[in-house]
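A quick write-up on the structure given underneath.
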Amino acid sequence: MKIGKCRFCGNRRKLIGAHIIPHAIFKSIRGQDGPLKLYTTWEETPSEKSKGFVDHNLTCGECDNSFSSYENYLVNYIKSQYNTNGERFGNTTALIDKNYNYKEFKLAILATLWRAHETNDEHFANVQLTGASANKIKTMLQNGDPGTEADFPIYVGRIKSDEYNDKLPLLVLDPVSVGECNHEFLMLGWRFIICQNNKDYGPHACLSENQLIAIDYSLEGSQEEEDILKILKMDPKKIDKEITKNRKIPIYVIILFIIIFIWALFIKSNIIKLKH
Ligand SMILES: [Zn+2]
């Protein structure tokens, strides 16, 4: 262990190996004795794969531990809810949960974003926040304050495929930037898009205190299809680490889709009200 300045609390302390991608993912997927069964964009040795990306220059143990309960909540949630049937809206379905824990869910994602921004690990080089955004996220984490839905709006989806539904919940991709100021994380078959600013965000579609909306979308025909199929079909030892480096998804297309979906949701709820 080395002594250094913790980038989260600013104190000189013993720095520990901080996991950029939540450690809870690796803890929860590893079998009792067997090798880690994850499909990832990276592959070193099986033992390195099982650790994910660890940065020994980032945080002290106390700060790292402060994220644990959020991350355990998020990982348990996305593992247990991946196969929960969504409500049907026209041609699509969505999981709508009014009883989830907004604070833990959102802070877990923001902690991952903050670490991906702060680390010098080259895998996360394109995850860059402005200084003001990084500071604001740090303060929110330090205060245990998830803010309102407009503070770093987060859009959630579940990637589905009849052919690969057994493998998608074991898929983890490197976080990537989409467009100028949005970031995408793909963890255990869930997709999270985090907006650095709220200029164009669609109210009611992103994570809010009132509800979580996770829109199901098909792997087939999605922007990520090519990358993901390469990983799922490939021998995990031969995965090309460059696969996601240039992944570009038009964020406005995704947000437009979400806004159209929310329209459908409101129309449906108004029809139900009229019927009563
Ligand atoms: Zn610290």
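Throughout, read-outs are computed from the coordinates displayed, never taken from laboratory work. This is a predicted model, so every value here is computed, not measured. A quick note on method: Cβ atoms are made from the backbone with ideal geometry, for glycine too, and the neighbour counts reach across all protein chains shown.
Results, tabulated for the structure shown:
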item	result
Charge context of K98, other residues only, Cβ under 13 angstrom, K/R +1, D/E -1	-3
Protection-proxy order for peptides 107-113, 54-60, 186-192, each taking the mean of Cβ atoms within 10 Å per residue, highest first	107-113, 186-192, 54-60
Potential extension, T84-I267 segment - 0.36 nm per residue separation minus Cα distance	63.5 nm
Residues whose placed amide H lies under 5 Å from that of D216, excluding near-sequence neighbours	T93, A94, L95, R158
Test item: Cα-centred dipole of segment 69-275, Lys/Arg +1 and Asp/Glu -1 on Cβ, debye	420 debye
Nonlocal amide H pairs with V178, under 5 Å, H built at 1.01 Å	H183, E184
Label point at N65 placed 7 Å out along Cα→Cβ; residues across segment 7-22 whose backbone nitrogen lies under 20 Å	7-20, 22
Segment E225-E163, extension gain: residue separation times 0.36 nm, minus the distance between their alpha carbons	21.1 nm
